[in-house]
Structure formats: C-alpha cells, structure tokens
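Here is the structure we will look at.
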Amino acid sequence: KPALAEGIGERLREVPNPAVGRVLVTVCPPIMVSTAWAFATLDAEREKKENFATNSLTRTGPRSTTSFSCGANQENDFQEVVFRAFPELVRIRDGLLEHGATAARMSGSGSTVFGVFTEIGQAKRAVATMSCRAYIASFAGA
C-alpha cells in the first residue's frame, strides 16, 4: 500500500492510493547513472547554493500526499543534475509529456523516467514511440 516516508525514511504512514484511475508508464533506457555520482554531484551543487538546508533531500519540506495523481508539486532533486549529464533522459521525459502525460519525472537517481496518464490509449501511444524498454501499469482500484 502507498505510504509517506518520514524522518529519514524509518517511519511510514499509510496514505490513500494517489494512483487510482491513473496509468503509469515507466521507461527504462540503457543508461547507467551511478547513484554515488548523483549524490556527489547534487551535494556539490547544494554547496554552491545558500537556499538548501543542510543534510536535506528536499528544498521546501513535505509535499501533498496526492501530488502524484494530480501532477502538481512533484519534484526530484536529482533530476536537474542528472538531466544535465544525460540529455537523452530529457527527451524521454518530454516525449511522455508530448503524448499526454499529466506529469513526467525521473525516478530516484535515474535513469528510469515515468509518466502519469489519465487514459490508457495515450499511454500505449507513448510506449509505442519509445526506442527502449517501456512498461504500462494501470491502477483501477484502491
């Protein structure tokens, strides 16, 4: 069941499933992003900026627990640094959006990119345009 991780991820609080009625497309390109590199690069970027809290993986605190379904307020702090180094991931994200995704983001430190769709037909058309592995998951029930 969906959960909101709190603290340093050790506390989980169950939340309503924000994906009900949505279709999720995950695209897995043949790009290897080193997690150690992603963390080191993000840390270096943060040291240059004053607006980041020390030892924090988010800029502005907790987000809405329903942001996944509505496409608002989604953020991945790794995305900026990883996209800069791997522009193919930007093209994948943009392709998902062009085919009707209400939101598209990189997952974790990369390289998987996901898109959230409201219609299965749009999701299928998006998958058909991908030149790498792409998968569809539909969330009909709670």
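Looking at the range 26-42, which of the residues that are assigned to a loop (DSSP other than H, G, I, E, B) and open to solvent by 70 Å² or more (accessible area, probe 1.4 Å) is farthest from residue 102 (Cα to Cα)?
The initial filter retains those residues of the range 26-42 that are assigned to a loop (DSSP other than H, G, I, E, B), namely 29-34.
Now drop any that are not open to solvent by 70 Å² or more (accessible area, probe 1.4 Å), which leaves 30, 32.
Numbers: 30: 24, 32: 26 Å.
My answer is 32.
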>> Can you pull out every residue in the range 74-85 that is touching an Asp or Glu at 6+ places or on another chain (Cβ under 8 Å) and open to solvent by less than 30 Å² (accessible area, probe 1.4 Å)?
In response: 81
> Looking only at the range 7-25, which residues are farther than 25 Å from residue 91 by Cβ and open to solvent by 30 Å² or more (accessible area, probe 1.4 Å)?
Replying inline: 7, 8, 9, 10, 11, 12, 13, 14, 16, 17, 20, 21
> Taking only pairs six or more apart or across chains, which ones have beta-carbon atoms under 7 Å, a first residue in the range 84-107 that is under 18 Å from residue 30 (Cβ atoms), and a second residue that is of a type in the set (Gly, Ala, Ser) and in a strand (DSSP E or B)?
Replying inline: 93/104; 96/104; 96/115
>> Residues that are modelled with pLDDT under 95, acidic (Asp, Glu) and open to solvent by less than 30 Å² (accessible area, probe 1.4 Å): does the range 50-73 have at least one?
In response: no
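The values are calculated or read from the model by the stated rules, or taken from the named source; none is laboratory data. Nothing here was measured: the structure is a model prediction, and the numbers come from that model. When we count neighbours, we look across all protein chains shown, and the Cβ atoms used for this are built from the backbone with ideal geometry, even at glycine. What goes into the accessible areas is simple: the full protein's heavy atoms, side chains included, and nothing from ligands, DNA or RNA. Shrake-Rupley method; radii C 1.70, N 1.55, O 1.52, S 1.80 Å.
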